[in-house]
1. Assigned to a loop (DSSP other than H, G, I, E, B), touching a Gly at 6+ places or on another chain (Cβ under 6 Å), surrounded by 19 or more Cβ atoms within 10 Å (Cβ to Cβ) and not β-branched (Val, Ile, Thr): is that true of Leu148 in this structure?
2. Give me a count of the residues in region 154-195 that are assigned to a loop (DSSP other than H, G, I, E, B) and under 23 Å from Tyr214 (Cβ atoms).
3. Condition first: of a type in the set (Gly, Ala, Ser) and either crowded, with 19+ Cβ neighbours inside 10 Å or touching a residue at least 60 places away in the same chain (Cβ under 8 Å) (or both). Now tell me which residues in region 98-122 satisfy that.
4. For Cys44, state whether it is within 16 Å of the ligand (Cβ to nearest atom), modelled with pLDDT of 90 or more and touching a Leu at 6+ places or on another chain (Cβ under 6 Å).
5. Within region 134-154, identify whether any single residue is within 15 Å of the chain's Cα centre (by Cα) and under 22 Å from Leu238 (Cα atoms), and answer yes or no.
6. Hey, could you check region 11-41 for residues that are buried (at least 18 other Cβ atoms within 10 Å of the Cβ) and under 20 Å from the mean Cα position of the chain (by Cα) and say which is farthest from the ligand (Cβ to nearest atom)?
Amino acid sequence: MSGALSQATPVRALEEVACNLCGGTATAPFTRKDGMDVVRCTACGLVYVNPRARVSDLTEHYNSGESSRLEYYRDAEAADRRTFAEILAIATRLAPARGALLDVGPCAGTLLLQAREAGFGVQGIEINAGAARMCREELGLDVRAGVLEPDSYPPDTFDVVSMGDVIEHVPDPVATLRTVARILKPGGHVLISTPNVGSAAARMLQVKPEEHIYYFSAETLAASLRKAGLETVEMRTLDRYRNFTAMTHSTTCGTLFQTLGPVFRLARRVLGDVVLKLPLRENLLAVARKP
Ligand SMILES: [Zn+2]
């Protein structure tokens, strides 16, 4: 380590990790952004950030205010309600008698509110303590602060687990999916959405090595689910609804739209609440079942 680092602002220590899916360590460069390398496992094709920030630094990051998630998701609520309605339509088809639903990473709580309206008994677990408190105090939702650990909930507890835009953030996706398999009731389902590394739009807009440490394709997501003991029953692309106001906060689109300057400010004034959906195949939606 160079002595030049000693007096600078603290530099985050990075650590090397093996492929989460196959354990391999042979990789090829995928891309490089924000000073970090994104690599592709040459054995199984999983794309991930390596080396990366330590896990303790990631938890700190999501509680530091550096992450724009809460503000973004609050502004995105009108658009998200439409995206989540599509996801809940699948959940209600799979669980016609409803039952218990856990949302991992509920952030502003929008999906939980809709699931409650749809008749589910809902709980959430959220890494951002401020967001968890807001869900409890302002929305009356049963949301605890923390990350999903193997002993967070008893086995065979939930009929449905949803994880929207979470799996790309967690340090050990297969372990997290094994926990999901453990807490689902037999025959229960997990619904996962995540950026689709197979889409050009996601490769252009969703590479954010600071927060997104894994990049799944339909193949690597299905393989991860299988490794965790879950059976994939549906795998398709999902395009989110978006509105202009939320896009100004989005780490994905904010920079892009800000470069458009006055044109964009006019568009935001006129179109702020207009909800649109672009056919970018930007996200994957996987539905898997516990045998
Ligand atoms: Zn691999």
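1. Values: assigned to a loop (DSSP other than H, G, I, E, B): yes; touching a Gly at 6+ places or on another chain (Cβ under 6 Å): no; surrounded by 19 or more Cβ atoms within 10 Å (Cβ to Cβ): yes; not β-branched (Val, Ile, Thr): yes.
The answer is no for Leu148.
2. So the first thing to find is which residues in region 154-195 are assigned to a loop (DSSP other than H, G, I, E, B), and the list is 154-157, 165-172.
Filter once more, keeping what is under 23 Å from Tyr214 (Cβ atoms): 165-172.
Result for region 154-195: 8.
3. Let us first name the residues in region 98-122 that are of a type in the set (Gly, Ala, Ser), namely 99-100, 105, 108-109, 115, 118-119, 121.
Gly99, Ala100, Gly105, Ala108, Gly109, Ala115, listed by residue number.
4. Values: within 16 Å of the ligand (Cβ to nearest atom): yes; modelled with pLDDT of 90 or more: yes; touching a Leu at 6+ places or on another chain (Cβ under 6 Å): yes.
So Cys44 fits the description; yes.
5. no
6. Out of the qualifying residues, it is Met36.
The values are calculated or read from the model by the stated rules, or taken from the named source; none is laboratory data. Worth saying up front: this structure is predicted, and the values here are computed from it rather than measured. Here Cβ is always computed from backbone atoms with ideal geometry, including for glycine, and neighbour counts include all displayed protein chains.
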